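The values are calculated or read from the model by the stated rules, or taken from the named source; none is laboratory data. Being a predicted model, the structure only gives us computed values, none of them experimental. Ideal geometry is used to build each Cβ from the backbone, glycine not excepted, and the neighbour counts take in all protein chains shown. To get the accessible areas, we keep the full protein, side chains included, count just its heavy atoms, and leave off ligands, DNA and RNA. Shrake-Rupley method; radii C 1.70, N 1.55, O 1.52, S 1.80 Å.
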Amino acid sequence: MIKANPYYFDLSANYLFQEIARKIKQFKEKKPDADIISLGIGDVTQPIPAACIKAMVKAAEEMGSAVTMHGYGPEQGYEFLRQAIADNDYPSLGIDIDEIFVSDGAKCDVGNIQEVFSQAARVAIPDPVYPVYRDTNIMAGRQIEYLPCVREAGFSPALPKEKAELIYLCSPNNPTGAVLTKDDLKKWVDYAKENGAVIIFDSAYKEYITTPDIPHSIYEIEGAKEVAIELRSFSKTAGFTGVRCAYMVVPKALKALDAQGNETSVNALWSRRHSTKFNGVAYVVQRAAEAVFSAEGKKQVREMVGYYMENARLIRETLAAKGFTVYGGVDAPYIWLQTPAGMTSVALFEKLLNEVQLVCTPGSGFGTYGEGFVRLTSFGTRENTLKALERIGNLSL
Ligand SMILES: *Cc1c(COP(=O)(O)O)cnc(C)c1O
């Protein structure tokens, strides 16, 4: 009989998240009338900007006429969208539209990009982190070194102990809400240059940065185009989690070695991969994404991000006033709440659920170094966020 991919059995079944779901279900069965508020999930709640909806409707109508309908589009994305991205996201960083690849999500991009690198490449992944980096490399059978992100270092990942060739960085960070400074990023770009490594820089939350001088793009660091791939998404920027559109920058200056040991273009490899396995994002979706960069769209995005960040401020300040130690929530929609002394992530999760019917995400689900923290998101409605905070006020500590 055919053998299954053996590496799939190296994935840790996500026991923790299953366990959490089970505990919530159990609680609901026991108290069917309880009004549970979730600040646990990482999904958005506010409507998609009106400018995007308008563009999407117009594009949908175009599809209804033989003259204006669109069939297969370019796999890499329509030029109108790639041009809008280059002009608006990278006006002074010199990113060419041939270096931008439009996709149906940063999750897919982050999972797929590793395919163009050797299976033998050693991978370095921060801990705690967005689990997709880890699981996709486990599926590929790669060796992973986890980089501890500790409070004392501002949750900035430590440099690898062994030489790494593929490095994942996420700033602003999910789940800690921490950001990498220019100095932090320069350290990584230097490391990558010295070690012939490639950095996968996930900036899905760049729209949430409020602190001045925090880089929004890794290409703000000199020489980064030779060592870094950058991912962005409309999911958290414009509420596209259910619409699906993202993009990845693969600079032409980025090289890897071919089978003969000669330098080869990673952009060309990714272009080959993308056009072989992907048939492009829906025309209506790309038109909606383009509208994010219109004057109206930009204003609506600012309002939406402002709404979530006001939630973040309320959560941070209420928790701090209650005596909790909190991190994040300034440059990211995530608040990283330290558990009271001696309490595990899961114990605080249970306390919040049982005492005040509030759902959070235990930090241990994001990695070993997430233990001792829980993640709260500011993606809820204002009403639910305020209700949740009122309840935290009543919590016995
Ligand atoms: C939400 C998120 C993404 C975006 O994923 P999409 O597939 O574009 O919705 C990427 N990276 C991180 C760290 C995220 O939290």
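Could you tell me which numbered condition K252 fails, if it satisfies all but one of (1) in contact (Cβ under 8 Å) with a residue 40 or more places away in the chain; (2) within 11 Å of the ligand (Cβ to nearest atom)?
Only one criterion in (1) in contact (Cβ under 8 Å) with a residue 40 or more places away in the chain; (2) within 11 Å of the ligand (Cβ to nearest atom) is unmet by K252, namely (2).
Has the range 56-70 got any residue that is within 21 Å of the chain's Cα centre (by Cα), assigned to a loop (DSSP other than H, G, I, E, B) and either hydroxyl-bearing (S, T, Y) or in the same structural domain as I138 (by TED's automatic domain parsing) (or both)? Let's see the steps before the verdict.
The first filter runs over the range 56-70 and keeps only residues within 21 Å of the chain's Cα centre (by Cα), leaving none.
No, the range 56-70 contains no residue that is within 21 Å of the chain's Cα centre (by Cα), assigned to a loop (DSSP other than H, G, I, E, B) and either hydroxyl-bearing (S, T, Y) or in the same structural domain as I138 (by TED's automatic domain parsing) (or both).
Being within 14 Å of the ligand (Cβ to nearest atom) and on the phi > 0 side of the Ramachandran plot narrows it down to one of G177, G141, G111, so name that one.
On inspection, the qualifying residue turns out to be G177.
Residues are listed down the side, and each one gets a yes or a no for (1) touching a Leu at 6+ places or on another chain (Cβ under 9 Å); (2) of a type in the set (A, V, I, L, M, F, W, C); (3) not assigned by TED's automatic domain parsing to the domain that holds V330:
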{"residue": "A197", "(1), (2), (3)": "yes, yes, yes"}
{"residue": "D202", "(1), (2), (3)": "yes, no, yes"}
{"residue": "K206", "(1), (2), (3)": "no, no, yes"}
{"residue": "P215", "(1), (2), (3)": "yes, no, yes"}
{"residue": "K225", "(1), (2), (3)": "yes, no, yes"}
{"residue": "E230", "(1), (2), (3)": "no, no, yes"}
{"residue": "T237", "(1), (2), (3)": "no, no, yes"}
{"residue": "C245", "(1), (2), (3)": "yes, yes, yes"}
{"residue": "M248", "(1), (2), (3)": "yes, yes, yes"}
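What pairs can you find where one residue is in the range 78-106 and open to solvent by 50 Å² or more (accessible area, probe 1.4 Å), the other is within 16 Å of the ligand (Cβ to nearest atom) and among the charged types (D, E, K, R), and their Cβ atoms are less than 6 Å apart, with a gap of 6+ or different chains?
Cβ pairs passing all conditions: D104/R244.
Pick out the one residue from A289, A282, A332, A268 that is farther than 30 Å from V57 by Cβ and either in contact with an Asp or Glu (Cβ under 7 Å, 6 or more places away or on another chain) or in the same structural domain as G196 (by TED's automatic domain parsing) (or both). It would help to see each step written out before you state the result.
Details: A289 fails: farther than 30 Å from V57 by Cβ; A282 fails: farther than 30 Å from V57 by Cβ; A332 fails: either in contact with an Asp or Glu (Cβ under 7 Å, 6 or more places away or on another chain) or in the same structural domain as G196 (by TED's automatic domain parsing) (or both).
It is A268.
Hey, among L166, L180, which residue is surrounded by 21 or more Cβ atoms within 10 Å (Cβ to Cβ) and farther than 24 Å from K255 by Cα?
Working: L166 fails: farther than 24 Å from K255 by Cα.
It is L180.
Count, please, the residues in the range 217-242 that happen to be part of a loop (DSSP other than H, G, I, E, B) and surrounded by fewer than 21 Cβ atoms within 10 Å (Cβ to Cβ).
Here is the first cut: in the range 217-242, the residues part of a loop (DSSP other than H, G, I, E, B) are 217, 221-223, 227, 239.
With the extra rule that they be surrounded by fewer than 21 Cβ atoms within 10 Å (Cβ to Cβ), the set shrinks to 217, 222-223.
Total satisfying the criteria: 3.
Condition check: among the acidic types (D, E), closer than 22 Å to A204 by Cβ and buried (at least 19 other Cβ atoms within 10 Å of the Cβ). Does E303 satisfy that?
Working: among the acidic types (D, E): yes; closer than 22 Å to A204 by Cβ: yes; buried (at least 19 other Cβ atoms within 10 Å of the Cβ): no.
It is false that E303 is among the acidic types (D, E), closer than 22 Å to A204 by Cβ and buried (at least 19 other Cβ atoms within 10 Å of the Cβ).
When the range 38-48 is examined, which residues are found to be closer than 17 Å to Y205 by Cβ and either open to solvent by less than 50 Å² (accessible area, probe 1.4 Å) or among the basic types (K, R) (or both)? Let's see the steps before the verdict.
In the first step, residues of the range 38-48 are kept if they are closer than 17 Å to Y205 by Cβ; the result is 39, 41-46.
Across the range 38-48, the qualifying residues are L39, G42, V44, Q46.
Having 2 or more residues that are within 22 Å of G365 (Cβ to Cβ) is the bar; report the strands (runs of 3 or more DSSP E) wholly within the range 87-157 that clear it. Walk me through how you get there before you give the answer.
On the way: elements: 100-103, 123-127, 144-148.
Because the criterion is at least 2 residues that are within 22 Å of G365 (Cβ to Cβ), the strands (runs of 3 or more DSSP E) in the range 87-157 that meet it are 123-127, 144-148.
Output the residues belonging to the range 196-213 that are within 16 Å of the ligand (Cβ to nearest atom) and either under 24 Å from A121 (Cα atoms) or part of a loop (DSSP other than H, G, I, E, B) (or both). Working first, answer last.
Let us first name the residues in the range 196-213 that are within 16 Å of the ligand (Cβ to nearest atom), namely 199-209.
Scanning the range 196-213 gives I199, I200, F201, D202, S203, A204, Y205, I209.
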